[in-house]
Amino acid sequence: MPASSAPPPAGLVHGAAPAGRLPAAVLMTGSCLPVLGAVLLAPVLPRMQDHFDSVPGSAALVPVVLTVPALALALLAPFAGMIVDRLGRKRLLVVATALYALFGTAPLWLDSLHAILVSRVLVGVAEAAIMTACTTLIGDYYSGELRDRYLALQTMCASASATLFFVLGGALGAADWRAPFWLYAVGLLIAPVMARVLPAPLPPKPGSEAEASLPRRPFPVRRMAGICLLTVFGAVVFYTVPVEMAYLLDDLGTDSPGAIGAVTAVASAATVLGSVLFTRLAQHHRHRLPALLALCAAGFLLMGLADSLPLLIAGAVVNCVGTGLLLPSLVTRAMSLLEFADRGRGMGLWTAAFFLGEFLCPLVLLAGKEPAGSLASAVALLGVATALLAAALVPAARRPALTGPSESVQR
């Protein structure tokens, strides 16, 4: 049999360069870098606010230092996806990781708050390329069960690293508000490893059986639009607990940093547990979005009605197990719709949707807080909205799932 007709190795996309656990570990590490930007500076914002207190508008600008990378990532990820498809996944990932270190450490030497804001926007640009390329390469290197497992592991690593980076940011920030920015230099260590370890993904060879059996299809605009809209909402659900838990605890009279850190760690562990459960579920159970959204909704309702710390923690755990299942379900659904040539563009759109939801999360809760009367009631209202969405998706979930283009090659 000719070499071009041989079936691809188990767990690999046809025509892709061989990839094993080491490339997966490198991609998991790269996927944690945008999380670093999202949580690292949270503990030092008050000190940063004091430092720039004389700058007009600093009360609004300093918090934006934390959130603007996520907004830049959300706006630019679709363009990063197009570049990924045109210039190559690996090359863009290596360059973006090096630039991430350069832009991320810039505030160590910048004295202007506005210049720091510009550097944070540039961090978001680099993060858009990193996150899109990492997720796309997972889709390139692996297929089927193994791909789902690594996409779930991506969620697990991001959740676990969020807790670690929060602790590191607080520890470094105790010395000086600039100190946490040194952690961005890790990009200079990771970029050469990426260049060395990651194989170059290859599209199916012309004339191969895989290509012949799978005619080129137009980009699935409508189906990607649907999954991206769900992802925006899913990201709001995903980030509610980590973003709002400290305020909910404070409303219950718990303002100890140690207690807040412990509860945040428990919630992160629950998200990791949900991601582990995703890999253990049978294939046809993984994408039952109504059930996963209903679990998240139940957690929100418990949190909104909680009048004691144990009940609030129980609600957060239920919700975070649900979000740990929900996120890999959404990303694997999106991945299954895409062919190799469109995977960068498609995952760029998905990444943009996810980080747009992250940016919108506190705004949604803030908008609901005033009419609801309290933050807890706003969380409960979000739970009701999540339950209604779950109910609305039941008819679609009962229809037979269409096999995505990638899956038809892989199996």
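What FRET efficiency comes out for Leu110 versus Ala195 if R0 is 22 angstrom and r is the Cβ-Cβ distance? Round to the nearest 0.05.
Between Leu110 and Ala195 the formula returns 0.20.
With θ taken as phi - 60° and the coefficients 6.51, -1.76 and 1.60, list the Karplus ³J(HN,Hα) couplings across the stretch 310-318 in order, rounded to whole Hz; mark glycine and proline as x.
x, 5, 5, 5, 4, x, 5, 5, 4
Ser54 versus Leu164, label points 7 Å from Cα toward the beta carbon: distance in nm?
With each label point 7 Å from Cα toward Cβ, the separation is 4.0 nm.
Per 0.36 nm of contour for each residue apart, how much would the distance between Leu188 and Arg86 grow if the chain were fully extended, relative to their Cα-Cα spacing?
Once the chain is fully extended between Leu188 and Arg86, it gains 34.3 nm.
What does the C-alpha gyration tensor say about the overall shape of the stretch 82-182? Classify as rounded when a/c is under 1.5, otherwise prolate if a/b is larger than b/c, or oblate.
Note, shape of the stretch 82-182 comes out oblate.
Using θ = phi - 60° and the Karplus relation 6.51 cos²θ - 1.76 cosθ + 1.60, list the HN-Hα couplings for the stretch 84-90 in order, rounded to whole Hz, with x at every Gly or Pro.
Ordered by residue, 3J(HN,Hα) equals 4, 5, 8, 9, x, 5, 5 Hz.
May I ask you to compute the full-extension gain from Asp176 to Glu370, defined as 0.36 nm times their residue separation minus their alpha-carbon distance, rounded to one decimal in nm?
66.3 nm
Quick note: the coordinates plus some simple rules give every number you see, no bench work behind them. Keep in mind the model is a prediction, meaning the values are calculated, not measured. Backbone-built Cβ (ideal geometry, glycine too); neighbour counts: all protein chains shown.
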